[in-house]
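Engineer: My questions all concern the structure below.
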Amino acid sequence: MKIGIIGAGAVGAACTFATLMKGCASEIILVNRNRDRAKGMVTDMGYGAPLSSVTRITDGEYSDLAGAALVMITVGVNEKTGGATDRSDPQGRLRLLDKNVAVYREIVPQIVAAAPDAVLLVVTDPPDPLAYLTRQLAGHDRVLSTGTMLDSLRFRVHLGRRLNVAPASIEAQVLGEHGTSQIFHWSAARVGGVPISDALGEDDSKPANIRATIEQEVRYANITIIEGIGASQYGIGMICARIAEIVLRDERAVVPIGFYNSKYGVTLSLPCIVGREGCLNVLYPPLSDVEHVGLEKCIETLRKAQERTR
C-alpha cells in the first residue's frame, strides 16, 4: 500500500526513514514545498532501501498522493522556531497553533482532493487541535493525531529506569492532550500485574515526589531533546511508522491516540482500536477522582484551542 508524507523537515525526514525501515508500505511519496529537498532526501534513502524491504520511495506533488492509504502531515512551524521551548509557559505547544492553522488550511484540501479515501495522520504540533481542524476541512472521520502515544512511551521508559525493568514490560498511559494539560494514568499503571505504586515502593512520604519528577521528565522531554539536538524528531518518527503499520495491516491494535470524541466535543487521546479506517472504537478506562478532574481541565484547554481554529 502507498503512504504519503507531507513535509521534508526534521520530523518529516524521521517519519520517512522510520517508515521505510519498518517496511510496511509498498510505496512512499514525499511531498515538500521545496521539491529539490524532497528529491535529495528520497534519493539518499533510496540507495539504502534494498536493505530494509521492497519499498519504492519517490518525491512528488499532491496529485501523486492518489491511492494513498495513509498520509502523514508534518509541515508547519516547529517548537524551536515558534518559541515553544519554555517550561514555564502554560501554553506549551499550543503557542504554535495560529501559524500552523494557516498552513493546514492551505494544504489539507489539496491532500483530500488527491487522496479522498486516505487516513490522515496529523503530526504537526499542536496535533490535537490541528487534527480537529483537519477533520473539519476533510469532511470525514478518518483523521488521527499522534496524540499521547509518544508521551505514553516516554512514561514507560522513565518508569522502567526507576524500576530497572524493560519499558515493554510496563503498562502505563498518558491521556488527553499532547501538551501541558496531559493526564498521567497512574491509577491503571502496572508492571507484571503489580500496581506501579507498589512496585515503586511508595509510601506516604515519597509518592508525590516520585510522581512529580516523572511527570516533569515526560511532559518536557521534547524541550530537553530540543536543547540537545535542535528538534524532537526520531521518537515521533518511530511512532508514526508504527501507526502506519497498524493502519495498513488493519491490526485493530489498542493505542492511546488522538481522535475526535463526540462525547467531549474535542480531539484528544484515549485508548483507541485502530485499523484500516483509522479509529474504529474508543475505550474509556476507569479514572481516579484526581484523573477525572485532570481530564475535565484538559478538555476545557482543548476546547479553547479548537475555537482558535475556526
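The values are calculated or read from the model by the stated rules, or taken from the named source; none is laboratory data. Model, not experiment: these values are computed from the prediction. Neighbour counts are summed over all protein chains in view; Cβ atoms, including those assigned to glycine, are modelled from backbone coordinates with ideal geometry.
Engineer: Restrict the check to segment 14-28 and report whether at least one residue is assigned to a strand (DSSP E or B), on the phi < 0 side of the Ramachandran plot and not assigned by TED's automatic domain parsing to the domain that holds Arg249.
Structural biologist: Scanning segment 14-28, I find at least one residue that is assigned to a strand (DSSP E or B), on the phi < 0 side of the Ramachandran plot and not assigned by TED's automatic domain parsing to the domain that holds Arg249, so the answer is yes.
Engineer: Another one. Being farther than 18 Å from Gly147 by Cα and either free of Cβ contacts under 8 Å to residues at least 40 places away in the same chain or among the acidic types (Asp, Glu) (or both) is the filter here, so list the residues in segment 240-252 that pass it.
Structural biologist: Those that are farther than 18 Å from Gly147 by Cα and either free of Cβ contacts under 8 Å to residues at least 40 places away in the same chain or among the acidic types (Asp, Glu) (or both): Asp250, Glu251.
Engineer: A further question on this structure: Within segment 283-296, how many residues turn out to be charged (D, E, K, R) and either under 15 Å from Pro126 (Cβ atoms) or assigned to a loop (DSSP other than H, G, I, E, B) (or both)?
Structural biologist: 0
Engineer: Return yes or no: is Gly237 at positive phi and touching a residue at least 60 places away in the same chain (Cβ under 8 Å)?
Structural biologist: Answer is no for this residue.
Engineer: Take the residues in segment 22-38 that are charged (D, E, K, R) and closer than 13 Å to Gly12 by Cα, then tell me which one is surrounded by the most Cβ atoms within 10 Å (Cβ to Cβ).
Structural biologist: Step by step, filter segment 22-38, then rank; the result is Arg37.
Engineer: Kindly indicate the residue of segment 46-94 that is of a type in the set (A, V, I, L, M, F, W, C) and closer than 30 Å to Cys298 by Cα and also modelled with the lowest pLDDT among those meeting that condition.
Structural biologist: Among residues in segment 46-94 that are of a type in the set (A, V, I, L, M, F, W, C) and closer than 30 Å to Cys298 by Cα, the one modelled with the lowest pLDDT is Ala84.
Engineer: Could you check segment 49-69 and list, in sequence order, the residues that are crowded, with 18+ Cβ neighbours inside 10 Å and of a type in the set (S, T, N, Q)?
Structural biologist: Thr55
Engineer: Let me ask something else. Which members of segment 228-251 meet the condition of being in a helix (DSSP H, G or I), under 20 Å from Ala84 (Cα atoms) and of a type outside the set (A, V, I, L, M)?
Structural biologist: The answer is Gly228, Tyr234, Gly235, Gly237.
Engineer: Which one of these is outside any strand (DSSP E or B) and within 22 Å of Phe17 (Cα to Cα): Ile299, Ile225, Ile257?
Structural biologist: Ile225
Engineer: Being without any contact (Cβ under 8 Å) to a residue 24 or more places away in the chain and under 17 Å from Val31 (Cβ atoms) is the filter here; which residues of segment 78-115 pass it?
Structural biologist: Passing the criteria: only Glu106.
Engineer: How about segment 91-133: which of its residues are among the small types (Gly, Ala, Ser) and closer than 15 Å to Val75 by Cα?
Structural biologist: Ala102, Ala131
Engineer: Could you list, in sequence order, all residues of segment 38-74 that are of a type in the set (Val, Ile, Thr) and under 22 Å from Asn100 (Cα atoms)?
Structural biologist: Selection gives Val71, Ile73, Thr74.
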